[in-house]
Every structure is written in structure tokens, then in C-alpha cells.
């Protein structure tokens, strides 16, 4: 059965606290922290972007997979912050992990769910026998306009998944997607910052798609929330995540390990891949995971995953997600503005 | 600029050097002749581990144009496990925390960019190995 052969995470070292952003815009930090359940977010350094994050995560995935990178037949990088508008990130990643030249590669964009879309594409190519291994990465260096609500959460990070059929550390029991045309968040060509529909991003967008994808998958698989040891959902903030988990009937012990946004912010395409990597770091063979991404625009991809005993052999072969969560240095708004190229010279 | 960056992609992305099979010396960047063995040179490509230690370093305060926004930053000579010494920037570390002998590992970062509409050059830098 097609599954995950290796996985790897990466989160930049720098963090900015909600208090520091709120200080600049004269807002009440406690209202934001309690309202969004976000306390700080990750910030990429001046020399980091989606390509460098994707490469670091992919190298960690390769350490766990123990395969020849030349056997990777497809590289897909899902992101809404590719360094170039035209020129693929995926070729940079493929070259940097020494997988070139016999492979297909492409960049994907679907707001926050482009990473899981890449996983599904690799599943199809592997299952059909067209390729031996596929590499799917969700990574972002998301930007929020100065002073906008998104500025408290738009963060950087990513995770990579090598999909294959042999020596899997987790099997995909099934996948299900739910997609409609819902303009809740967008960025027009040439514009530096996205715009969003405020409250419209909630009920008709995030909640409708995540709930329908989760329910659709559980109906397809014949499962209930209690059949899963862990669940992870897209996490634009902590509040939406916990609310959707409770609506679907999941308990805190199932959803807490996958929730990273309160401490690193919303890593967009990296969010569910990173939440899932933290679960894989902490789970055992035989345990079952439900993962549901969400991308504005809008759609959700849901996955039913069973971990194999091999997980314990590979967990420690690369830095765990917790290592990157704890490795941090706080910066102030001025340095943040410089790192995020908000200062124009 | 474009062709010059492209020509070095292999060595800069994956730290590909050469090893002289006659004397065992490792060189980075790759070269044509082993200065020790001269005509007996027997070079093979070698993928370097990227792990090593700081051999010496300098803190750059007055930076060239492409690197002004990063100053002050650390440029170090890294002695790799394989023996080759290579020059690179140290990142994720304050200049005052760098010391000779500090264990480091290679990371993949943006090196420079040709303005805001030109090609971005990527390659290796080094960060401290924690733990």
C-alpha cells in the first residue's frame, strides 16, 4: 500500500511575539492572544525563503527514508510564497537534494493546502507505478500586510514527505477532498500582500470545507472520531483548529499534538504537514491519524493514515519537530520588518 | 551573472569536491590537478558531509553592496571532516558567539540576488551544531 517513506520538518529560528506586533499598532495583545490563540510566530531570516525551507525539510525527510535521491521521480513544492513568480522552486529543491535530472517537478499553489495536494499527486503516481518515490513539500514564508489581522499569524516553516510503496513508516488508508469556488482569501498578481474576507473566512470557508472533508473521509472509510489516536487540521490560528476539532467530536488528547500555530503561527502550506510531522515524532506503530488541510479559495484534503512499527526506527534519524519549535530567538518589530523586507530602500 | 551562478550550482548546492585517489587529499572547489601529485593526479568526485569546525573567522562590518543589509555577519574558514577548508558565512548565530573550533554544519540559503527582478543565487552557509 502507498504510504510515507520519510518525513522531515523545518522551522526558521526567529520569533516575534504578539505583544511586540500589537505594541506597534496600538492594539491590546491579550485580546488578540485570547481571540486567536496565537502567542508568537516564526520569522524567516533575510537569507531564507520557501526554497531554502523546502530544501532543509527535504534533507531531513531523506535522512529518515534512507533511499537514493536519484530514485525520486517527482518533486512537488506547494506554497503561496514561491521566491519567483515564474521559475520553479521544485527544480531548486530537486537539484539541492541531488535528485536531478530524471524526474518530473512542478510548483503548486492552493493557498494553505498546496502541500497536501502534492502528497495526493505523489500517491497517484506511486500507486500507478509511474514513479518509485515522490517528494511532496508544503512550505511558506507567508506575509501579512502591516497592521492587518494576518500579521499576527502569517509565519514561515515547512515539512516534506517522501511517498512510496516499500518500507513505509505510515500507510494511507484513504484520501478524500472537498472543493468549491469560495473567495475568502486571495492575492492578485504583482501585489505584495493578500486580502481576505474577514469573518467570511470562517463558517462558509474554513469550517464548511474542513468539516465536509473530514466527514466525507470518515464516511468513505466507515470510521468515527474515536477510531483515531490523533487528528490534525489546518490551523490559521488556534481558535479555529480547536473549534473544528470539537465540532467533529475529537477530544483534546487527539488534537493537541498536531496543534503548533500558537507557538509558530500559521505556516500556511506548511501547517498540516508540520502538525503531522509532530504527530509522527510522537506516535507508535499501529496508531491511526486523521489529517485535514484547508486552502482558501477553497478546498480541503483529508487523509486516513495508519502508522507502522517502522516509525520507531526512523524517528531519531533527523531533528524532530520539537527541536525546531524550541530552537528560537526573539526579535523586535524593526528587525522583523527588515527580515520580511517591509522596509523599502 | 546568470551563467556564472548556474555553472557553480552542482558544487554550491551539494558540496561536490574532488579527492585525489593517489594521495587522499580532498579539494573544494573542484580543481584540475592535485598540487601534491602533479602528473600522477587521480581525481574522483566526492560529496562532502558539510560537517566541520570553524578554523578561523572574521566579522564583516563594512560589507560589499550585495551583503550590506546582513552586516555585521561572520565569514569563516571551515575545516570540513574530510580535510578540505572552505569559506562560508555563519548563520543562526550572533557574531559574539562564534569561536575557533566551533562545530558547524552546512545549510542551504540564499547567497545573493541580482536586484529585485534578477536571478537568486543559492548555496551553502554554515550554522552551529547544537547539542
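Values for this structure:
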| read-out | value |
| --- | --- |
| Rg(Cα)/(2.2 N^0.38 Å) for segment B:1-48, N = residue count | 1.25 |
| By average C-beta atoms within 10 angstrom, highest first, the peptides B:33-42, A:98-107 | A:98-107, B:33-42 |
| Label-point separation in nm, residue B:49 to residue B:69, each point 7 Å along Cα→Cβ | 3.6 |
| Cβ neighbours within 10 Å from other chains - mean over A:44-56 | 5 |
| Relative contact order (%) - criterion: Cα under 8 Å, at least six apart; region: segment B:1-48 | 38 |
| Per-peptide average of other Cβ atoms within 10 Å, ordering A:250-257, A:74-81 highest first | A:74-81, A:250-257 |
| Virtual spin-label span in nm between residue B:22 and residue A:145, 7 Å along Cα→Cβ | 6.7 |
| Cα principal axis extents for segment B:49-131, largest first, Å | 38, 25, 23 |
| Efficiency of FRET between residue A:179 and residue A:127 - r from beta-carbon atoms, R0 22 angstrom, step 0.05 | 0.60 |
| Cα shape, segment A:180-293, gyration tensor, a/c 1.5 rule | prolate |
| Segment B:49-131, relative contact order [Cα under 8 Å, separation at least 6], % | 29 |
| Ordering of B:71-80, A:36-45 by packing [mean C-beta count within 10 Å, highest first] | A:36-45, B:71-80 |
| Computed [θ] at 222 nm, deg cm²/dmol, the protein assembly as shown (DSSP H ≥ 4; -39,500 (n - 2.57); rounded to nearest 500) | -7500 deg cm²/dmol |
| FRET efficiency estimate (nearest 0.05) - Cβ-Cβ, residue A:334 to residue A:34, R0 22 angstrom | 0.25 |
| Surface/4 estimate of mean projected area, convex hull on alpha-carbon atoms of chain A, nm² | 15.8 |
| Residue A:219-residue A:199 FRET efficiency (beta carbon distance; Förster radius 22 Å; 0.05 resolution) | 0.15 |
| Estimated distance in nm for a label pair at residue A:227 and residue B:77, the labels positioned 7 Å out from Cα along Cα-to-Cβ | 6.4 |
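Readers should treat all values here as calculations from the given coordinates under stated rules, not as data from a laboratory. Owing to the predicted nature of the structure, the values given are computational and were not obtained by experimental measurement. Note that each Cβ is placed from the backbone with ideal geometry, even for glycine, and that neighbours are counted across all protein chains shown.
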